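Enquirer: Encoded as C-alpha cells, here's the structure I'll be asking about.
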Amino acid sequence: MEKYAAYDPLDNLLIDVDDKPHIYIIKQTTCGNKCPDHSCTNFCPSRVFSWEGGKLAVDYTRCVECGACQYSCIHKNIHWEYPRGGFGVVYLY
Ligand code: SF4
Ligand code: SF4
C-alpha cells in the first residue's frame, strides 16, 4: 500500500478575525442544566467551545466556518452566522 505523508489541510487557510463575535450561546443555563455531555466541545473540529468554570466558553476567533455546530447542538443553543464581509476564513490558494 502506498504511504502518504501526513499534512494539515488547514495549513491552507488563515482567519482574518473580526472584533464582532459571529457565534454566541443563546442560553448558558441550558448548557449547564440540560446538556451534561457538552457535546459541542467534541464536535467542533477547531476547539471553539470549552467548558470552563461552570460555563461554556466560546472562542469564535478559532472558527473555520465548517457549519457543524448549526446542526449538532440538540438544544439549538448556538447562534452562528458568517463573519461580516471581509472577515473570517481566507484561503491561501
Ligand atoms: S451542545 Fe449545545 S446545549 Fe450542549 S453545551 Fe454545547 S451549546 Fe450548550
Ligand atoms: S462552524 Fe465549525 S469550526 Fe466554527 S464553531 Fe461551528 S463547528 Fe466549530
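Enquirer: Report the residue, chosen from N42, N33, N77, that carries the largest GNM mean-square fluctuation when the chain is represented by alpha-carbon nodes joined by springs under 10 Å.
Expert: Result for the chain, Cα springs under 10 Å: N33 fluctuates most.
Enquirer: Using a simple charge model, +1 on the beta-carbon of Lys and Arg, -1 on the beta-carbon of Asp and Glu, nothing else, what dipole does the chain show about its Cα centre, in debye to the nearest 20?
Expert: On the way: 9 positive and 11 negative charges, 91 e Å.
Using Cβ point charges on Lys, Arg, Asp and Glu, the chain gives about 440 debye.
Enquirer: By how many nm would the segment from A57 to K34 grow when fully extended, if each residue of separation counts as 0.36 nm and the alpha-carbon distance is taken off?
Expert: Details: separation 23, 0.36 × 23 = 8.28 nm, distance 1.63 nm.
Contour length minus Cα-Cα distance gives 6.6 nm.
Enquirer: Modelling each spin label as a point 7 Å along the Cα-to-Cβ direction, I'd like the L13/S72 distance in nm, to one decimal.
Expert: Result: 1.4 nm between the two label points.
Enquirer: Over the chain, calculate the relative contact order: mean separation of alpha carbon pairs under 8 Å at least 6 apart, over the residue count, as a percent. If you can, show how the numbers build up before the last one.
Expert: Details: 116 pairs, mean separation 39.8, N = 93.
Relative contact order here is 43 percent.
Enquirer: Taking only the Cα atoms of the chain, how large is their convex hull per residue, in Å³? Don't skip to the answer; put the middle values down first.
Expert: Numbers: hull volume 12.7 nm³, N = 93.
In the chain, the Cα hull volume divided by residue count equals 137 Å³.
Enquirer: Can you list the trypsin sites (Lys or Arg not before Pro) in segment 23-93 that are in a DSSP coil and have 12 or fewer other beta carbons within 10 angstrom? Write out the running numbers ahead of the final one.
Expert: On the way: sites: K27, K34, R47, K55, R62, K76, R84; in loops: K27, R47, K76, R84.
Passing both the DSSP loop test and the Cβ count: K27, R47, K76, R84.
Enquirer: Using only DSSP helix segments of four residues or longer, with each worth -39500 (n - 2.57), what per-residue ellipticity at 222 nm results for the chain after dividing by its residue count and rounding to 500? Walk me through the numbers on the way to the answer.
Expert: Working: 3 runs with 15 residues, N = 93.
For the chain, the value works out to -3000 deg cm²/dmol.
Enquirer: Please list, or write none, the lysines whose alpha carbon is within less than 28 Å of the alpha carbon of K27, excluding same-chain residues fewer than 8 places away.
Expert: The reachable lysines, counting only those whose Cα sits under 28 Å from K27, are K55, K76.
Enquirer: Here's a follow-up. Quick one: what Rg and Dmax do you get for segment 26-78 from the alpha carbons, in Å?
Expert: Final numbers for Rg and Dmax: 10.3, 28 Å.
All of the numbers you see were taken from the coordinates with simple rules; none came from a lab. Keep in mind that what you see is a predicted model, and the values were worked out from it rather than measured. Heads up, the Cβs are rebuilt from the backbone with ideal geometry, glycines too, and the neighbour counts pull from every protein chain shown.
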